[in-house]
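Structure record follows, encoded as structure tokens.
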Amino acid sequence: MRQFKPGDSREVVSVLVNNEMDVLARLVTLFTRRGYNIESLKVEQVGNPDMSCVKIEMYGAENDIAQMIRQTRKLVDVLDVSLLEPRCAFRESVSIAQ
Amino acid sequence: MELTGAQLIIRKLTEHKVNTVFGYPGGTALDLFDDLYKHSDQLTHILTADECGAAHAADGYSRSTGDIGVVFATSGPGATNLITGLATAFMDSVPLLAITVNVSKNLIGHDAFQEIYITGATMPVTKHNYFVDDIGKLPGVLDDAFKVAQSGRPGPVLVDVTKDVTAAGIDYSPGEYIPHQAGRKVQTKVTRNELQAIADKINAAKKPVIFLGGGFAARGRQPLIELLNKADIPITHTIMAAGMIGFDNPRNLGIVGMHGSVAANTTMDEADVMLALGTRFSDRVALDPDKFAKNAVKIQVDIDESAFNKNVQVDHMVVDDAADFVRKLLPFIEEKHHDAWNERMLQLKKHGITSDLDTPLPHPDEVIRDTCAMADKDTIYVTDVGQHQMWAAQFLGDHNTYKFITSGGLGTMGFGYGAAIGAQIGNPDKRVIHITGDVSFHMCLNEACTAVSHDLPIITVIMNNSVLGMVYQWQTIFKDKRYSATDPGRKTDFVKVGEGFGVHGYRAETRSEYIEALKSAMKNSGPSWIEVKIDRNEKVLPFIPGGGSTEDMIIG
């Protein structure tokens, strides 16, 4: 497991996925086996019922985040991966949902 | 036409030009195996001793032929037995298709007899997997599975189909490919500017080196040799790329890493430009990632973008098929002569490795070198994992080019016999030699029944030192000779065990006895085992301890 290091930043990775039953398990398994903790996670519907958007909050150094994005992009059910800017977007969307 | 799910699976396999399947039947797979029986003229099924052996056999088949390997298993334990085989193929990027049949849809989630959530269990060890409980999805999923397994960085794919789907009917139009899911396509086009920039670095280098990994495809061999000659560059490689460039090629300095040659490891340290092709710089290669090729501008080419900066930080990354990249780079490379650098190579290559242990038993290097000297040039060598694997990788190549099949990434003891069976089935006209150790072989010798059933002339060379050699070596060096669980005192008589299976058994305690046994084994139509005794104090050298660098290398 990776330990937090000074300089690690909080990032929110936004992942557009096929809306398959096991897609969340794939994402979570990937983060776990690469040694990254998921701080929080949210699955949202998008306009198309075949797709979903998963927002994953994680901590890591720049290279860790880049590596995790590349790893996530390799999943067959992943259509797009991006880093959310501004960084507060996740918190806002959570509070709206609540 | 109206087909059942089972008929559709068989149909799709033949459409994708599969003619051999390894596997093991069972309750849920009854319909699937029934259709396999009806189509035995198109599809040969090889029954193994267990599903793990079947997965390794499909793996060995794929590695030795370049085609996808296919394995069938039933639900529950049949499916879980595949896991080590899938993980082995995953770590070495081998294209496999595993088809498992789960319990019927109405029983899923009820802890039914032999029910297991195999897609969940194999998520971390497959490139992708599919659970199919709807016959309508089956055609698209099967086509997708072939595509995913073989495209980009290849890997194993598992398709789990419920029993009711194998029996259900579907109206199928042949040749129609409707993808199940739209996958994202990786852009893999290196630009002209990138090629020029990389060529400039190589053209200006005084001490260039090419470092080759298992991701480099055989079709790139010729352009690569042209590149080496044109730019006058030495080459080093990982154990996974062993055999790609002949060891008899004077530019080849051998293996880099923990048991790499003095020449290869030192060259990586001294190089000013390193072009890495299809390698992830694993911890057995770049033991200390910060010190790896420390003086070099590092250029990494890989089809998998997640290989970049995963282990070693590089200066340039190119997402492309490594073999295609070399072909594209070639016109940008200038003809060069690096006389001083070549002189250094010659000097480094004098550090040969020969065991000087005082023993009447044959030395490991003699066993491997004698094997290679007597075998045909196109022999396929398959190993298990441990000391014998490293000796094989180090010494086989002193003679000629070869095909070397080994579990590099996962390091799976017990991989060898299954993989050798797959290689022999895929290459009936070639000699397959399985090099193993006594403890690795204890993990897979039950596959002898498969080799006997199909009269496969595989020669298994069992290097018997009566201990768990590699760990024993570590305990000798690091644990003050406290041999915890590495000296089991086994009394296995391999000749008798082999004969019990119907194998020709031999035992050799001297070099000449070994040569005689090998000569005799080469005349047998079925499988042979040659047990050759070696001393337990033989070590794999050179040896860089984990996390160390070339300065920490133990040479003798």
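Every number in this text was worked out from the coordinates using simple rules, so none of it is lab data. Note that the structure is predicted; figures quoted are calculated from it, not measured. Heads up, the Cβs are rebuilt from the backbone with ideal geometry, glycines too, and the neighbour counts pull from every protein chain shown.
Things worth noting here:
- Overall Cα dimensions of region A:9-97 - principal axes, largest extent first, Å: 34, 29, 17
- Amide hydrogen proximity for B:SER466: with H placed 1.01 Å from N in the peptide plane, the residues at 5 or more positions away or on another chain lying under 5 Å are B:ASP438.
- Among B:GLU509, A:GLU11, sorting on how many other beta-carbon atoms sit within 10 Å of each Cβ, with the fewest leading, yields B:GLU509, A:GLU11.
- Over region B:364-533, the Kirkwood radius and the radius of gyration, each from Cα atoms, give a ratio Rg/Rh of 0.95.
- Sequence-separation-based contact order of chain B, relative, with Cα cut under 8 Å and 6+ spacing, percent: 14 percent
- The magnitude of the dipole of the protein assembly as shown, with charges of +1 and -1 set on the Cβ of Lys/Arg and Asp/Glu and taken from the Cα centre, is near 1000 debye.
- Taken one residue at a time, the phi angles of region B:549-556 give Karplus couplings (6.51, -1.76, 1.60, θ = phi - 60°) of 9, 4, 5, 8, 5, 9, 9, x Hz. Gly and Pro are set to x.
- Burial ordering of B:TYR61, B:TYR172, fewest other beta-carbon atoms within 10 Å first: B:TYR172, B:TYR61
- Scattering profile of region B:9-131 at q = 0.11, 0.22 Å⁻¹ [log10 I(q)/I(0), Debye over alpha-carbon scatterers]: -0.34, -1.34
- The label-point distance for B:ILE555 and B:ASP272, in a model that sets each label 7 Å from Cα toward Cβ, rounds to 2.6 nm.
- Its Cα gyration tensor gives region B:192-348 an equivalent ellipsoid; the semi-axes, largest first and in whole Å, are 19, 19, 15.
- Which of B:GLY386, B:VAL157, B:PRO545, positive extreme of dipole for chain B (C-beta unit charges): B:PRO545
- Region B:2-171: antiparallel DSSP beta bridges as a percent of all, rounded to 5: 10 percent
- Each Lys and Arg contributes +1 and each Asp and Glu -1, all at the Cβ; summed about the Cα centre of region B:192-348, the dipole is approximately 140 debye.
- Kirkwood-based shape ratio for chain B, expressed as Rg/Rh from alpha carbons: 0.98
- Fewest neighbouring Cβ atoms within 10 Å first, the residues B:MET374, B:MET274, A:MET21 line up as A:MET21, B:MET374, B:MET274.
- Among the listed pairs B:LYS17/B:LYS298; B:LYS430/B:LYS496; B:LYS298/B:LYS430, those beyond 30 Å (Cα-Cα): B:LYS17/B:LYS298; B:LYS298/B:LYS430
- Derived scalar couplings ³J(HN,Hα) [region A:33-40; Karplus, 6.51 cos²θ - 1.76 cosθ + 1.60; whole Hz; x for Gly, Pro]: 6, 8, x, 10, 8, 8, 6, 7
- Across region B:42-53, rounded Karplus estimates of 3J(HN,Hα) from the backbone phi angles (6.51 cos²θ - 1.76 cosθ + 1.60, θ = phi - 60°) give 9, 10, 8, 9, 10, 7, 9, 6, 8, 5, 5, x Hz, Gly and Pro being marked x.
- Under 19 Å from the Cα of B:LYS523 - aspartates and glutamates, other chains or at least 8 residues apart: B:ASP370, B:ASP376, B:ASP378, B:ASP429, B:ASP455, B:GLU499, B:GLU513, B:GLU531
- Checking the cross-link pairs B:LYS491/B:LYS519; B:LYS207/B:LYS294; B:LYS491/B:LYS533; B:LYS189/B:LYS403; B:LYS147/B:LYS189; A:LYS42/B:LYS105 against a 24 Å limit on the alpha carbon distance flags B:LYS491/B:LYS519; B:LYS189/B:LYS403; A:LYS42/B:LYS105 as lying beyond it.
- For chain B, the antiparallel share of DSSP beta bridges with both residues in that region comes to about 5%.
- Taking every DSSP bridge with both residues inside the protein assembly as shown, close to 25 percent are antiparallel.
- Three principal axis extents of the protein assembly as shown based on alpha-carbon atoms, in descending order, are 75, 60, 51 Å.
- Taking chymotrypsin sites (Phe, Trp or Tyr not before Pro) across region B:447-487, the ones in a DSSP loop with at most 16 further Cβ atoms lying within 10 angstrom of their Cβ are B:TYR483.
- 222 nm mean residue ellipticity, helices alone, for chain B (DSSP H n ≥ 4; -39,500 (n - 2.57); rounded to 500): -10000 deg cm²/dmol
- FRET efficiency, 1/(1 + (r/R0)^6) with R0 30 Å, evaluated for B:GLN114 and B:THR14 via beta carbons: 0.60
- Lys/Arg +1, Asp/Glu -1 at C-beta; the protein assembly as shown dipole; positive extreme among B:THR88, B:ASN524, B:GLY215: B:GLY215
- Inter-label distance, nm, simple model (7 Å from Cα along the C-beta direction), B:ILE225/B:LEU330: 1.2 nm
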